[in-house]
Amino acid sequence: QVQLVESGGGLVQAGGSLRLSCAASGIIFRLNAMAWYRQAPGKQRELVATISTTGGTVYADSVKDRFTISRDNAKKMVYLQMNSLKPEDTAVYYCVRDFSGSLTWGQGTQVTVSS
């Protein structure tokens, strides 16, 4: 059974930093691309960042140069380092496993950025 558990969310002031973590179980982690999505109140879910099985990364324009996605295959973990946070980054952040287009979602972690 695939399980993704996020942690690290919270309340932070604008300009601050947070690091989200996602622990994966029930999968051969190194064979899966991983991603972070987010959903703000009243808005659709949007892709934040992805990391491939070989470590290649892609970022949404809105977070480029501020956020960094990384993975540790030995620990079955994926991370999202978020710097220079803005109020518009406030959302529920989801860890997602992408296995050949089949997505599995974590339960989400709330990030709130105050101005």
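When you scan region 1-14, do you find a residue that is out of contact with any His (no Cβ under 9 Å at 6 or more places or on another chain), modelled with pLDDT under 95 and loosely packed, with under 12 Cβ neighbours inside 10 Å, even just one? So that I can check it myself, show each step before the final result.
If we filter region 1-14 for residues that are out of contact with any His (no Cβ under 9 Å at 6 or more places or on another chain), which is where we start, we get 1-14.
If we keep only those that are modelled with pLDDT under 95 too, we end up with 1-2.
Keeping just the survivors that are loosely packed, with under 12 Cβ neighbours inside 10 Å gives 1.
Looking through region 1-14, at least one residue is out of contact with any His (no Cβ under 9 Å at 6 or more places or on another chain), modelled with pLDDT under 95 and loosely packed, with under 12 Cβ neighbours inside 10 Å.
Can you list the strands (runs of 3 or more DSSP E) lying wholly within region 37-104 that have 1 or more residues being under 20 Å from VAL2 (Cβ atoms)?
Values: elements: 46-51, 57-59, 67-72, 77-82, 91-99.
Of the strands (runs of 3 or more DSSP E) lying wholly inside region 37-104, those with at least 1 residues that are under 20 Å from VAL2 (Cβ atoms) span 46-51, 67-72, 77-82, 91-99.
Those residues that are closer than 18 Å to TRP105 by Cα and either at pLDDT below 95 or of a type outside the set (A, V, I, L, M, F, W, C) (or both), I need them from region 45-72; list them, please.
Just the residues of region 45-72 that are closer than 18 Å to TRP105 by Cα, to begin with: 45-53, 69-71.
The answer is ARG45, GLU46, THR50, SER52, THR53, SER70, ARG71.
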Query raised in the report: If a residue has to be at positive phi and open to solvent by less than 50 Å² (accessible area, probe 1.4 Å) to count, how many in region 48-76 make the cut?
Result: 1
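Can you spot a residue in region 81-94 that is open to solvent by 20 Å² or more (accessible area, probe 1.4 Å), under 11 Å from the mean Cα position of the chain (by Cα) and closer than 14 Å to GLN110 by Cβ? Working first, answer last.
Here is the first cut: in region 81-94, the residues open to solvent by 20 Å² or more (accessible area, probe 1.4 Å) are 81, 83-84, 86-88, 90, 92, 94.
Add one more test, that the residue is under 11 Å from the mean Cα position of the chain (by Cα), and what stays is 81, 92, 94.
Pick out the ones that are also closer than 14 Å to GLN110 by Cβ and you get 92, 94.
Yes, the conditions are met somewhere in region 81-94.
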Report summary line: Residue count, region 26-44, condition modelled with pLDDT of 95 or more and under 16 Å from the mean Cα position of the chain (by Cα), comes to 9
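The values are calculated or read from the model by the stated rules, or taken from the named source; none is laboratory data. For clarity, every value in this text was computed on a predicted model and none was experimentally measured. Note that we place each Cβ from the backbone using ideal geometry, even for glycine, and neighbour counts take in every protein chain shown. Each accessible area value is taken on the protein alone, full model and side chains, heavy atoms only, with ligands, DNA and RNA left out. Shrake-Rupley method; radii C 1.70, N 1.55, O 1.52, S 1.80 Å.
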